[in-house]
1. Quick one: how many Å² of D345 are accessible to a 1.4 Å probe, rounded to 10?
2. Hey, what do the phi angles of segment 156-170 turn into as Karplus ³J(HN,Hα) couplings, whole Hz, using 6.51/-1.76/1.60 and θ = phi - 60°, x for Gly and Pro?
3. Determine the per residue accessible area of segment 94-235 with all protein chains present and a 1.4 angstrom probe, expressed in square angstrom.
4. If only Cα atoms are counted, what is the Rg of segment 185-307, and what is its Dmax, in Å?
5. When the accessible area of the chain is computed with all protein chains present and a 1.4 Å probe, what percentage of it is carbon and sulfur?
6. How large is ³J(HN,Hα), in whole Hz, for each residue of segment 88-105 in order, when computed from phi with the Karplus curve 6.51 cos²θ - 1.76 cosθ + 1.60 and θ = phi - 60°, using x for Gly and Pro?
7. Quick one: if the Förster radius is 22 Å, what FRET efficiency do T396 and E170 give, using the C-beta to C-beta distance and rounding to 0.05?
8. Roughly how compact is segment 329-410, stated as its Cα Rg over 2.2 N^0.38 Å to two decimals?
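The values are calculated or read from the model by the stated rules, or taken from the named source; none is laboratory data. Here the structure is a predicted model, which means the values were calculated and not measured. Cβ sites come from the backbone with ideal geometry, for glycine too, and all protein chains shown count toward neighbours. To get the accessible areas, we keep the full protein, side chains included, count just its heavy atoms, and leave off ligands, DNA and RNA. Shrake-Rupley method; radii C 1.70, N 1.55, O 1.52, S 1.80 Å.
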Amino acid sequence: MPGDLERGRQKVEWARAHMPVLEGIRRRFEAAQPFGGLTISAVLHVESKTAALALALQAGGARVHLAAGNPLSTDDDAVAVLLESGIATHAVRGESVADFREGIRAMLEADPDVIIDDGADLVALIHTTRKDRGKIRGSTEETTTGVTRLRALARSRHLLFPAIDVNDAEMKHLFDNRYGTGQSTLDGIFSATNLLIAGRVCVVAGYGWCGKGVASRLRGLGGEVIVTEVDPVKAIEARLDGFRVTPMLDAAPQADLIVTVTGNTSVVRAEHFKVLKDGCVLANSGHFDVEVSRPDLEGLAVSHRTVRPSVEEYRFADGRRAYLLGEGRLINLAAGQGHPVEIMDLSFALQALSAEHLAKHGLTMEARVQPVPPELDRLVAEAALAPLGVGLDHLTPEQVTYLGQWEEGS
Ligand SMILES: NC(=O)c1ccc[n+]([C@@H]2O[C@H](COP(=O)([O-])OP(=O)(O)OC[C@H]3O[C@@H](n4cnc5c(N)ncnc54)[C@H](O)[C@@H]3O)[C@@H](O)[C@H]2O)c1
């Protein structure tokens, strides 16, 4: 369905009005033109906040090309605005997997100088189709799964160019993964199901940054939360945060809702479906649609139908039913509106600054996975203080001296 330009303008205007950090960067870009003559190819979830980032890069002189990071996460209204603004955008909500892949291929064909990736699909494509970096100065990576893939790629062969790990910047994962995914995952589940959380047994698979956010918000709404983990430290952390921690096999027969946020594959699979509680809702907020095994669901189910938009019912031979949300894709984007705007202000401010860093220094940087320069993380933190209503104390000269010495103790 083609987007509505006027509705798109309103959405992008709303996003920009609530993204003061990125807006400040956009104004500086407009004056300094750090991307003059450069092409940026970005694979991201294409919606209003992403449009604000793309427009900021364009204001900095870049020719921006944008493709969907997921076939179900596109907001067609935002696409209408992007196209009108001259940003070559390859994204249609609900597009086929073939069209989605074609969009990523188009990002490569745009012959980029700088790449912005979310899940490492574009970087992976480059490394399977090319032997040299061409004029690519480097890439940035938005999410945990993309960083995991980049590290695996770097272990198996040389990276062709530097890749900045935006995900692990403090101003990204501490807020985007935890508070962003925490809130928006529930937004997606509510929109899809209109069901109650209070008094329900909610299972959260994975107690990483995203899992912590999802689990705490489900508890805040009165859900009885069980966490599943494979890492003993995270499992103990979840226990001491007050959650029950059990294997998925024990949790599945009790679960009214299961949310996966592991970045792993087949976390909920045939052995769990065989004991799943009747009516259990299955949602995934991890990057790829492999955390809830759809092939296993399809193999075990005797019937399948769509019962609401974004809700598919699978019925097993003994009559039990499981409800899969958003085809097992990121539920916060498949059925919700993505992360809250203020959160994406921080993440995309880091993306914009990291892209600028690559434009300036990428050609002389080592071709490896690199952290966001700490000064950029701090710049975003400082710019976010006032908009978020945060006041800081400052170290007194005595405190600076005290913290810089070793002689004075007890
Ligand atoms: N929905 C979104 O908008 C959004 C936002 C940010 C990140 N993500 C994605 O969410 C996923 C998780 O990201 P994160 O930052 O929380 O990662 P993380 O590495 O901090 O946490 C993942 C956790 O899952 C655990 N885990 C792995 N396999 C498991 C299994 N089989 N069963 C139970 N636990 C298991 C790991 O031990 C780890 O503690 C990634 O795919 C990431 O890309 C999604």
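1. Around 10 Å² of this residue is reachable by solvent.
2. 8, 7, 5, 5, 7, 7, x, 10, 8, 7, 5, 3, 8, 4, 4
3. So segment 94-235 comes to 40 Å² accessible per residue, rounded to a whole number.
4. 13.5, 41
5. 54 percent
6. Using θ = phi - 60°, the values come out as 5, 10, 10, 6, 9, 4, x, 5, 5, 4, 4, 5, 4, 5, 4, x, 5, 4 Hz.
7. 0.35
8. That works out to 1.62 for segment 329-410.
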